[in-house]
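These notes concern the structure reproduced below.
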Amino acid sequence: MQTTILNTTRVRIFESAGELIAVAEADRVARASHRVDACDSSWLGRSFGDWRELLAACDRPWSEGQETLARLVDRLRDAAMPKPKSRRRRTRFDEANGDELDYDRMRSGQDFWRTSRREVTSGPASVTVLVDVGARNDKTPEQIFWRGAAAIVLTELLEAAGYRVELWAVNYTEGIYGRAAADDLFQAVCLKRTSDPLDTATLVNTVSGWFYRTVIFQARHAAGPTSGPNQVGGSSCPPASLLDEVTRDEQRQLVADVWDSQAAERLVRRTVESLKQ
């Protein structure tokens, strides 16, 4: 875990969801208290008997959540999403010029000189996608899921076009540490490196309402003594200066303020169009 302070914000960057969970668990042991007892199951979107059951769930596929997320993703796919320009090599044939000879095409009377080229050769081949997993108290578990659905569709589209995608979950909390010099908190956890395949089973847990409202809430306590009536602070969209602590990628894409299918579709379309330019 990397930690620093930027102006009035404590910054904590985790290399994996497992590292974040370990920090939350260490705080739970030290405090002898946890967030599961403080949260209603309908607000979480899932029921847990105790913290131990929650920890076990973090490492296991959540079939109900995967089905819900797959349904949301299918709705986005059905919306005829645009495709970014491909960076993959495409094979072309010519009558007189090329790099290799295709004897089968020559015998059949077709253009037989073969060339392999990329449609897009300029610009970065990798994109960082950051999912804001924070949410206000009035957001339902399904509303929270839409950002994960948008991130999955976006990642699938970009990787199909030959881009390498790095995926992060981020959240920014204001006023959680009262009158301390650094009273805000920014947390980021890596969900996928560019070399990793898209692991939906992991993603469905880390972008869920129950993970945010238990594990991430608990990890907030580990960063310092909290204050206020609920001691978890208020969720806000992270500013660019904090995202810079995660990546300086000029093509980075933030998935935020997406609470329904229309917002998810608009975000994916806008992102793909920006990468076409």
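The values are calculated or read from the model by the stated rules, or taken from the named source; none is laboratory data. Predicted model only: the values in this text are computed from it and were never measured. Neighbour counts are summed over all protein chains in view; Cβ atoms, including those assigned to glycine, are modelled from backbone coordinates with ideal geometry.
Summary table
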quantity	calculated
Considering residues of the stretch 125-156 that are surrounded by fewer than 21 Cβ atoms within 10 Å (Cβ to Cβ) and closer than 23 Å to residue 196 by Cβ only, the residue farthest from the chain's Cα centre (by Cα)	125
Hits in the stretch 130-174 (condition: in contact with a Pro (Cβ under 8 Å, 6 or more places away or on another chain), part of a loop (DSSP other than H, G, I, E, B) and of a type in the set (Val, Ile, Thr))	none
Any hit, the stretch 71-80, residues being at pLDDT below 85 and small (Gly, Ala, Ser)	yes
Which listed residue, of 235, 241, is touching a strand residue (DSSP E or B) at 6+ places or on another chain (Cβ under 9 Å), of a type in the set (Gly, Ala, Ser), assigned by TED's automatic domain parsing to the domain that holds residue 127 and part of a helix (DSSP H, G or I)	241
Residue satisfying condition, being touching a helix residue (DSSP H, G or I) at 6+ places or on another chain (Cβ under 6 Å), at pLDDT 90 or above and under 27 Å from residue 208 (Cβ atoms), within set 153, 133	133
Residue list for the stretch 182-200, filter: within 16 Å of residue 18 (Cα to Cα) and among the aliphatic types (A, V, I, L, M)	188, 189, 191
Hey, residue 203 in contact with a Leu (Cβ under 8 Å, 6 or more places away or on another chain), closer than 18 Å to residue 17 by Cβ and buried (at least 22 other Cβ atoms within 10 Å of the Cβ) or not	yes
Residue pairs meeting the criteria (Cβ under 7 Å; at least 6 apart or on separate chains; first β-branched (Val, Ile, Thr), in the stretch 29-56; second modelled with pLDDT under 90 and loosely packed, with under 12 Cβ neighbours inside 10 Å)	36/50
